Amino acid sequence: MAAAASQPAPPHGASSTVAYADSPFLPGPDYSPTIPPNSRAIAHLTRDVLQPVLVQPSGNNGSPSSTPEPVANLKRKLPTPANNASLNTRFGSFPHPSLLVPAGSQIRSSTGTGFIHVLRPTPELWTLSLPHRTQVVYTPDSSYILHRLRVRPGGRVIEAGAGSGSFTHATARAVYNGIHEKAASKPDKANGKDTLNGAEGEDPANGGRDQNAQDDSQGRVLSFEFHADRAAILRHELQQHGLQSIVTVTSRDVCAGGFALTDPELDIGGNTYATAVFLDLPAPWLAIPHLTRENGSLSRTKSVRICCFSPCLEQALRTIAVLREQGWVEEDLVEVTHKRLEVRRIGPDGKEIGSKPRAGASTADDDLRVASVEESVARLKRQLWHRKEKQARQRAKSAKKRKLEANGAEGEQPDDDSDVDMDAAADDDDVEADVDDTRKEENGNSKLHLFHQGRVVVRTEPELKTHTSYLVFAVLPLPWSDEDEANAKLKYPIPPRPAPQLNPKTGRDYASGGFAPKSMTGKLSKTQEKKLKKAADKAARLAAEASKSAAASDSGDASQVQGD
Amino acid sequence: MVVVAMELIQPHDEVLIQLPSETTKLVKVVPDQIIGLGKFGSFPANSLIGRPYYLTWAILDGDNFGLEPVSIAELNSEKLATHAPVDAAAKKPKPSSATPSDSPGIALEDTAVGVQVGEDGEDEEEDEDVALDAGTLELELEREQRAWEKEMKTNKDIRDDQTAQSMTWQEIERLKKSGGTGSGKRSGHPQEIIARLLESHAYIDKKTAFSLAKYTKRKSNKYLKRIRVIPADVSNLTNFFLAEKEPLKMLEMRDEALGLVMSWADVRWGGRYLVIDDTGGLVVAAVAERMGLLAGDDARAPKKVSNARKRKRHDDEDDADDNDADERKESAEADKDEPWPATPTKQKSGYEQTEVPAANTITVLHAQDQPNLSLLRPFNFDATNLVNTTTHPLSSHLLSLSFLQLLSPEADTTLEKPTPIPDEALRAMKSAKRSTYHRKCRRQERLLNMIAATRRGGFDAAIIATTMELSGVINAVVPLLRGSGQLVLFSPNVEPLAEVADWCSTLRRSEFLRIKQESSSSSSNGTTTDTSTTPQTSLDPASINPDIDADTLATLSTLPKLPAHKTDPHFPIDPTNLLAPTIHTSRVRRFQALPGRTHPLMTSRGGSEGFVLHATKVFPILGGKVEARGRFTSNRRKGNRQREAEQRVKEESTVVAGVEDAGATADEMVVDNSG
């Protein structure tokens, strides 16, 4: 499974050695640049058509793959010797030995008529090419979810509703921090535990399970899927991709059965102890009550984040209600709108540069388009004058004819006009053709410079995903009891509130940021003095108004107040 | 309980504080100091240290000084209260569908028949119920409507004037004061003020539930001095800088764009990444976080290193067998949580190592003398003051090179070796001077190793978020990528990226190949036209810095030469190296999530949308005729599995059009050198 490039164990880390995973999804520095046999590669046909291929070694043409498919048929094509020996695409057939090239190479088909590119798989490419079994979580959503769930190397992520495994692969990459092999701790577990205890100063009251969980510092994805066949296929795929030691797929209905993974065989440290949870379930509110720190499904030492992926708003709201009940905070309901943009060049006539009229499509509409008012004026002038001339010529001609025929038989006149019109229309085309030719000549070699004619335009892809799902995020902070608070207060004593330290100019309290009462200030700034003066003025005026009956000497008092 | 230190607020940590005004503040928690929050008051930093993140605190005022935790149950109860009536109303369809055994079963059927998962899982349940009692549904609806009308209130009778609130500010002040004198226990008095405010509002019973909720919320934001402390991680900091600080400084990069960049660049533990970062270090921080370089005890705030200790460390460095027990223990601890795969277990830690790690590295290319990584400071890493952060994982795994050092290292002055000092003279020197000399030697060696490692290429991805002209950047960076490596560009505006996509357009590429083919066939033995025309030394004799010693120059001349693309106004970059450049833009829309009042937020930040372009580094077939005309019809007739056939029908229409239109989407198909 692992150890393509196993590194020397860190001298102190007695319990585990870290090695790079032998996976094309997670290449280490020594991973071969050429595509190794029996590994996954992605054939890039066009931007939207990618085909996964499990490259067979050159000698092995008969057997389908190293391990048989777990489920015979789930809408999947059965491998036959014919299609197993080569990759068949619409660009031709590519024998597997021809795919054993440096990743990223362009490959010619066996007949030499077409080509493809062979790429190293990434979770993004896999998402675009994987065989769909259920609706897939696409990269715009999964990238944001992983970013917000803070899935980091060494993390433990519960994924329920693994589906087609698109998000599983992205998460496996995010938690990957090497394959940790617990070589030392396995033979004498008790011993290993003791040393660990000593090293990290753990609380021995915690019980064995927790220590196992802490012992296991490898990043893991704990994936649940209630559809047994889908779980089996996903497990098989992960095996093929070399991710089986990072992802644990369990076939279970988490709404009913919860998340506990206490089976010691699993070797994941006793339970899930997740730091992040992703629920892609029809009814996540049924699963959320199973997520507690007490039963070991959530990490007891870290804050936990959750994301629920529901297409309907009602589902999302119900989820939020349950999250609030269960003591999660920072709940947030969002929707990711993503657009892919296309870059084209549009010519002055509004047509895409380099495009040719489609076979069968009528070109009449296109020909009628003009680039500008000036062109339109010139064109109309040319056409109409030309037509006029022609009509004049025709008229002269027919007049002549009539004159000639006046002597003889008469009777074909009504047809004459229509003839003229038709001729004119045909003639217009000739004129236009001439103009087009001259335009091309002006541009020189038209073919060479096509690619930088017109202007660059950007528009959204023709088929837009306007809604994928509502995402509900929340955080479960660490529990904090009154006792904890008291202990923390002992450890970090809180000083008494300091006496206000005032800025003499602004009257602001340095210590608290609040304003101090004015009487305590020493000096006042000019604006403050002005303000005080104004207030005094106003008070004086009011007082004066109130005591209307008083004598004029009162106003003198008021001015005295002002003076103060 | 044993709690990982990372999860608790530690002394000297930078944390983000969410204020009642719905703004955020970046604060450094220095022990025994006071954190002032303006009008919201102040509290001692000690009341945060050692506590977990994401808790809510009430700021005590008056004689009490400090913070008091607010229970989550209390916080959530208000919001839950709004859920309750709705749930009660929806009780009717609920019991039958929500029993745990029932619902998953339905979902199972749902997905097994191939309906998109979760698409309508919930709806279908309800549909079934509706189908069962269609008759009662109408009654139900009618009853609800009547109830709604009865309860419905409007703002018809509410007058907008100052008299609505009969409580004066003097009264409020008095209440505040009375709370301050000690009677307020468990932050009771702000709630009292709010209750009194609601009581004395003239139209309070005329208000609709929605407007009442809004009013209450506004008042509680004003009087309940509650704060929440969240960690200053990359995502939170991005949002903080975008909303509160100078967003232009970080190219207005949104959280979702950053996530998209990290995913498409395939950032993971153990990879090697090239980063060009004009966001002040935000991209570097995000990459580092994804590579585990910001986790672990080493990434914590440095303990203050006293000058004496610093001097002692320098002294120790001189000895060849540097077996300082302290330091070794330190480095051992460094590797405990995060066993770095390629950290050479030398005595020197961090940037003092001369060897460059082989994996899990970030190489920053910068245009100036020094990279601008100021936003790394909240992550306890100061690129300009490395002495205090030698043990930080970034100090060994973050490599920075200027473009000059990458492209023509022979002209760089930092590669000059200090004038060698003979051993006797060295021994006679003062220890401080001696260590300076050693440090200079090490720095030169490290830089040389860094240049060599970078020039060797093989990077997993290049992440570029820059305001520089992109063609030059792409030409410098793409040759360093490994096959199938990713080039990811971020730009706040779409135009620069559209330009890049246009440089790789199908028409331009086929023209480029045609010209290349013509020139190669015209030359007599045109087999080696692909990369450098002559395998000469990579050094440019004109730009060699004469002060660089011969050994260094010899090393430099063995470096692999970068395949130079001759820039041309028509072909600013080599269009054959990049496969399927695609531009994305992503935007997250936030909702107010309250039953009966759920809607997208009314306002959000405008400005730049943020665009991400990604392309894959590929190796084109060199020489020979490459034609790509798929045989569409005959292949389709074979009729493979159904899904594929369906897809093909759809694809075919677009692709055939693509070939004939030679549109930009069907980019990699046409390489037709005959015409």
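What follows draws every value from the coordinates through simple rules; no lab data is involved. What you see is a predicted model, and the numbers here were worked out from it, not measured in a lab. We place every Cβ from the backbone using ideal geometry, glycine too, and count neighbours over all the protein chains shown.
Things to note:
- Peptide B:249-259 has a mean shielding of 3, counted as Cβ atoms of other protein chains within 10 Å of each residue's Cβ.
- In plain terms, the chain from A:Gln391 to A:Leu313 could stretch by 21.1 nm, reckoned as 0.36 nm per residue minus the Cα-Cα distance.
- Between A:Ala371 and B:Ala428, the FRET efficiency estimated from the beta carbon spacing at R0 = 60 angstrom works out to 0.10.
- Put in order of Cβ neighbour count within 10 Å, fewest first, the listed residues B:His397, A:His386 become A:His386, B:His397.
- Under 5 Å between amide hydrogens, built in the peptide plane, is the criterion, and for A:Val247 it picks out A:Val221 among residues at least 5 positions away or on other chains.
- Sequence ranges B:68-78, A:329-339, A:267-277, ranked by mean other-Cβ count within 10 angstrom, highest first: A:267-277, A:329-339, B:68-78
- B:Ile464 long-range amide H proximity, modeled H, under 5 Å: B:Ile276, B:Val488, B:Leu489, B:Phe490
- Multiplying the residue separation of B:Ala411 and B:Glu140 by 0.36 nm and subtracting their alpha-carbon distance yields 89.2 nm.
- Filter on A:Lys526/B:Lys217; A:Lys491/B:Lys245; A:Lys530/B:Lys245; A:Lys531/B:Lys219; A:Lys530/B:Lys249; B:Lys25/B:Lys219 - keep pairs with C-alpha separation over 31 Å: A:Lys526/B:Lys217; A:Lys491/B:Lys245; A:Lys530/B:Lys245; A:Lys530/B:Lys249
- Our coupling estimate for the range B:358-372, obtained by passing each phi through the Karplus curve with A = 6.51, B = -1.76, C = 1.60 and θ = phi - 60°, is 7, 8, 6, 10, 10, 9, 9, 9, 10, 8, 8, 5, 10, x, 8 Hz, Gly and Pro reported as x.
- Across the range B:47-52, computed HN-Hα scalar couplings (Karplus, 6.51 cos²θ - 1.76 cosθ + 1.60, θ = phi - 60°) run 7, 10, 5, x, 9, x Hz from first to last residue, x flagging Gly and Pro.
- Each label point was placed 7 Å from the Cα along the Cα-to-Cβ direction; for A:Thr111 and B:Thr436 their separation is 7.6 nm.
- Per-residue Karplus couplings for the range A:256-272, computed as 6.51 cos²θ - 1.76 cosθ + 1.60 with θ equal to phi - 60°, are listed in order as 8, x, x, 10, 4, 10, 8, 4, x, 4, 5, 6, 10, x, x, 7, 6 Hz, Gly and Pro entered as x.
- Computed from label points 7 Å out along Cα-Cβ, the spacing between A:Gln453 and A:Lys465 is 3.8 nm.
- Residues A:Ser93, B:Ser586, arranged from fewest to most other Cβ atoms within 10 angstrom of their Cβ, appear as A:Ser93, B:Ser586.
- Shielding of A:468-478 by partner chains, average beta-carbon count, 10 Å: 3
- Sorted by Cβ neighbour density within 10 Å, fewest at the top, the residues A:Val254, A:Val101: A:Val101, A:Val254
- Average partner coverage of A:150-159, which counts Cβ from other chains inside 10 Å: 4
- Remark on B:His366: its backbone amide H falls under 5 Å from those of B:Leu401, B:Ser402, B:Phe403, a criterion applied only to residues 5 or more positions apart or on other chains, H modelled at 1.01 Å from N.
- A:Lys403 versus A:Ser32: modelled label distance in nm, points set 7 Å from Cα along the beta carbon direction: 9.5
- Förster radius 30 Å - calculated FRET efficiency between B:Arg590 and B:Asp32 (Cβ-Cβ, nearest 0.05): 0.20
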